[in-house]
Structure formats: C-alpha cells, structure tokens
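Participant: Okay, here's the structure, questions in a sec.
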Amino acid sequence: MTAETPVLQIEDLRVALPEGSDRPLALDRLSLEVKRGEIVCLVGESGSGKSLAAGAVMRLLPEPAVRMTGGRILLEGQDLAGLPEREMRRLRGNRMAMVFQEPMTALNPQKTVGWQIDEVLKLHTDLGRKARAERTLRMLEQVHIPDPRSAIHAYPHQVSGGQRQRVMIAMALAMDPRLIIADEPTTALDVTTQLQILRLIRELQEGHGSGVLFITHDFGVVAEIADRVAVLRRGELVEQGTADEVLNRPRHPYTRALIAAVPGLTPPAPRSFADAPVVLRADRMLKTFKARGGLLSGRREAVAAVDDVSFDLRRGETLGIVGESGSGKTTVSRCVTRLLDADGGRVELDGRDILNASGRELRAMRSKIQMVFQDPMASLNPRKRVVDLIAQGPIVHGTPPREARDQARELLRLVELSPAAAERYPHEFSGGQRQRIGIARALALEPKVIVADEPVSALDVSVQAQVLRLLADLRERLDLSLLFVTHDLRVAAQLCDRVAVMEKGRVVEMGVTADVFAEPQHEYTRKLLSSIPGRDWTPPDVRDNAA
C-alpha cells in the first residue's frame, strides 16, 4: 500500500433490497473514497441508503434479505467482500470501527463503561489486566469524560447521552483504527453537546490521523466538520466535492433542494400580539423530582426541574421553550398539559386553573390543550388504524363514532395526507407522515393551544421543513397558539415569535425571537447561540432552482 492509497475505497457498490421494496437496489453503483486524515460526510434523507453503506463497509448488512450484489470495498487496499467472518471480526474494532447513532442500543446495559472498553482491548491485544485498565482510563480522559475514574465503574444508564456518545467514541478509538464510521452520532443531542462531540471527533481524528466517514442529514453538522461531502439520493451518488463546493455552490437539484430546506438563523420580522388575548398563562410554576439513587449507587440530590417559571401565551402566537437536555423544557410542557402534576404555582387555560382542576374539569379542559410528541411511533397505538387513532379523542368527548371518523378523514386532508391513509396502520408510514398523523390527532378536538415537544428533531431537513410549514400554516388558518419545545435553535428562529431560554429549571431570558438572536442578554443564551453547528455558514439562496 502506498502513502496515497485511500483508507477506504468503495467502487461501484450495489446492495439489493428484498422483493416488494420500493426499489430493487438500496445502493446503485456507489463509488466513494476516504483518505487518511480527512472527514467525508455522506449526506442524504432517510431511505437514501447512507446507513446501509456503513453496514456494507463493516459487513453488518442484515443478510440475506439485504445483501451486497456487486462492486468492491477496499480497506487500505484489502478487499473486504470475500473475507471470512473470522477475519472480519479481527478487523472490526481494530483497523475499522463504528460510532452508532444511539449509544443506548449499542452499549450493553448490564456491563460497566470500563468493562466495555476493556473488552475491545482484550479481543485485539495481548495486554495484561493492569495495562488494559490504564489504557481504558487514558481513553476516557482523551474523550474528556468528567471524573473518568468514577465513570469506569458506571453503567450506561448512569451517564448522560453526551457522555454515552463519548464512551462509544472511546471504544471506537481504543485500537487506533485507520477508518472510523460515525452514523448520525449527534442527531439526538442538544446544540452544546453536539458541538462538543463534533469538536472531539475532529480533535481525535487529527491526533490519530484516521479517515472518518461521517453519516448525517444535518447540513449544519456538515459545515462544521466536513472536508469533503458526498450526497446520496435513493441509493445513487448525485454529487460530491469539497465542503466549500457542495455547501456554497451546489450543482445537483437534489442538493440544492436539501440546502434550501435548512432553517436559517435570521428570524423573520416579528409579529405583534399586544392586542391578542392570553390563552395560556404559567405563574411561578414549580416541579421538583425527589432524590434517588445516582451514579455508583449514591444518593442524588432532589432536582428542581421547573423552578419559578412564568410566561404568557397569546392567541395565534408561538412561544419557543429552548435549552439543553436537562434544562426543564419538556417538564414544562408536561406540567402545563397535566401529564405531570406541578408542585406549586398556577397554570391558567383561558383563565381557568388547570393545575387544581378536578378529573371531570380536567377532561373538559384537555380538549382545549393538546400535545404533539417527539416520537409519534411511541405515542400512536400500533394496533389501531389511523382513522380510529384520530377519532378516539372526539368519541371520548361525546362525538358519534361515524361523525368522528368522517372528521378524521377531513383532518388527514388538512395535514396534507391522502384520506386513503385512514385505513392504514402507523408502521406503514414514514416518520414525517407519522408526525402529520400526530398533528391531526391533536387537532381533532379543536384545541386553542398545541404543545409540541421536539416534534421535528428526528426528521430529515426536507421533511422537517415540510412539517414546520404545515404547523405555521395551521397556526394561521385555525388561529392556534403553539408552545414549541426544541433544542434546535435554527427551528426556533424560523417558527417562534418569542423564545424563553431555560437553564437548570429556570427561564434565564425571554423575548422576541429576533431580539434574543440579535442581542442575547444572558451568558447562557450566548453560549447556546455560539454552539449552533455551522453557525458561521450562510446557506446560499438556491430556492429558485431547488427541485
């Protein structure tokens, strides 16, 4: 192998899908290179084949249903396709390693963090127990885990999401691999943790000289970390080039469409709601979670998840609740909908106290405040047809079943789904379509307020843009008020009239979105805004040519 030989070469790769799929090939003649010391971002929407490309390189495809049918995959010039499984096991974790999107599913919940890193060293080295322990500690220090000596003995559920991702990176780097594949490693993280992980990957990649294949749908992440970019559409590579070329001078209509869908960081001109009535008011709301067992089975202090939070939401307005994981924003959404009982304060819906309402009063009031959840698949009953899921609320509140189902079909049209979707089940829809079903279900009771908890955080940028446009359109047509919980400040900039910034249970800053983004007053708000991936990249105006 010469010094110029790429770490990874993918040549004319074809991966077949099972019969009855929407297309015969998941990947159709994919050719791609990753050189030593560079980060190549593979970008595309869900279903484009990006994760299957990673699975093919690692030889982790779900064969025989999904299998490689042509092409070559070379790791430092060595063809992986014909290697026996024993040899592939030797390569995985040693010369090539993978960082998965969701570390909780990739880490063994029954084993400590230290044990899982030690296992990699035990499989691939002849080091003794003491030397492995020292190297494990060194790896945790290298990925900047707080208190690494304690973290070694912690189980995955005892550390935060960002720390779990750092553990995955430590495992991937334990053997100093030539190739690292990172499959959407920051998708579920808030902006500050996301930026920390991106900087960590760049720092470690430069220190180790590894080649990185970084899979993502987020162009902000691409702008932050990529040396080169490859764009995948339904299994076909439609464009590739340097990060500067693809981000600032995209050639293919699909790339231009993806970039056009990226939410900008400049909020639109503010709308005035001074004369609109207040529909939802929180006054000094409190919620404390009791002390319980914590890291290493110790006692953890009681946590004030919501601490003296007050706000008003007016008719037709969107108020964004933003902050990091653990800031208390989701707890606020659950307290105002009475999915959690607050410990103090007052919440009024149209002037009526919702926190102290009786069961009968609460049922009547809930028809006026509905929730859209982050993961629609977890909130939609998989055994019920869509028409029944949407009609369920009105039927409970006294609407005749036939009338409720007719209304459900009309709501599907309103959220831009075919009425034929009414007879299907949730698993038969894409993530964006399921989120539209969740919105239709929330609208079924004709609420005045919709509380949306991270409703677009798991969606591709183009689907995200569609759902955001839908919410804005419904807000205008139905005169809805939205309480919009998000960690994505790009989304907040485009949808929210005002934002409330939360840190450790408290609102540290609140104001008109354009004012807060232009001149943040609180240090924490400035920290959040400075942590947005790709914040210095201004997407080119390609809307006229996007397709």
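Participant: Can you tell me what the convex hull of the Cα atoms of the chain projects to on average, as an area in nm²?
Facilitator: The Cα convex hull of the chain, projected and averaged over all directions, gives 26.7 nm².
Participant: Which of the three applies to the range 176-299, rounded, prolate or oblate, going by the alpha-carbon gyration tensor with a ≥ b ≥ c and a/c under 1.5 meaning rounded?
Facilitator: oblate
Participant: About the Cα centre of the range 1-150, how large is the charge dipole given +1 on each Lys and Arg Cβ and -1 on each Asp and Glu Cβ? Please answer in debye to the nearest 20.
Facilitator: I would put it at about 600 debye.
Participant: If I model a spin label at Glu141 and Ala302 as a point 7 Å from the Cα along the Cα→Cβ vector, what separation in nanometres do I get?
Facilitator: 4.0 nm
Participant: Starting from the amide H of Val372, placed 1.01 Å from N in the peptide plane, find each other amide H under 5 Å away whose residue is 5 or more places distant or on another chain.
Facilitator: Under 5 Å from the amide H of Val372: Val451, Ala452, Asp453.
Participant: Here is a further query. Can you order the peptides 508-520, 57-69, 218-230 by their average number of other Cβ atoms within 10 Å per residue, highest first?
Facilitator: Order by mean packing, descending: 218-230, 508-520, 57-69.
Participant: Treat every Asp and Glu Cβ in the chain as -1 and every Lys and Arg Cβ as +1, leave all other atoms uncharged, and give the resulting dipole magnitude about the Cα centre to the nearest 20 debye.
Facilitator: It works out to roughly 1460 debye.
Participant: Non-local amide H neighbours of Gly320 (under 5 Å, H modeled in plane, Pro and chain starts lacking H): which ones?
Facilitator: Distant-sequence amide H within range of Gly320: Phe484, Asp497, Arg498, Val499, Ala500.
Participant: If R0 is 51 Å, what FRET efficiency do you get for Ala274 and Asp536 from their C-beta distance, rounded to 0.05?
Facilitator: So the FRET efficiency works out to roughly 0.90.
Participant: Sticking with this one: Computed over the Cα atoms of the range 104-174, what is the ratio Rg over Rh, Rh following Kirkwood?
Facilitator: In the range 104-174, Rg relative to Rh is 0.92.
Participant: Moving on. Run the numbers on the chain and let me know its relative contact order in percent, using alpha-carbon pairs under 8 Å that are six or more apart.
Facilitator: Reported as a whole number, the value is 17 percent.
Participant: Could you pull out every residue, at least 5 positions away or on a different chain, whose amide H is within less than 5 Å of the one on Ile215? Hs are placed 1.01 Å off N in the peptide plane, and Pro or chain starts have none.
Facilitator: Result for Ile215 returns Leu42, Ala182, Asp183, Glu184.
Participant: Can I ask one more? Subtract the Cα-Cα distance of Leu123 and Leu60 from 0.36 nm times their separation in residues, and report this length gain in nm to one decimal.
Facilitator: Gain on extension, Leu123 to Leu60, equals 20.8 nm.
Participant: Within 10 Å, count the other beta carbons around each residue, average over each peptide in 487-499, 361-373, and list them highest first.
Facilitator: Taking the mean over residues of other Cβ atoms within 10 Å, the ranking is 487-499, 361-373.
Participant: Helix 129-142: angle to the longest alpha-carbon principal axis of the chain, degrees 0 to 90, nearest 10?
Facilitator: The answer is roughly 50 degrees.
Participant: Hey, can you rank 100-110, 5-15 by average C-beta count inside 10 Å, highest first?
Facilitator: Sorting 100-110, 5-15 by mean packing, highest first, produces 5-15, 100-110.
Participant: Sticking with this one: Determine the percent antiparallel among the DSSP beta bridges restricted to the chain, to the nearest 5.
Facilitator: 55 percent
Bear in mind that the values in this text are calculations on the coordinates, not laboratory data. Predicted model, so just to flag it, every value in this text is computed and none were measured. All Cβ positions, glycine included, derive from the backbone under ideal geometry; neighbour counts span all protein chains shown.
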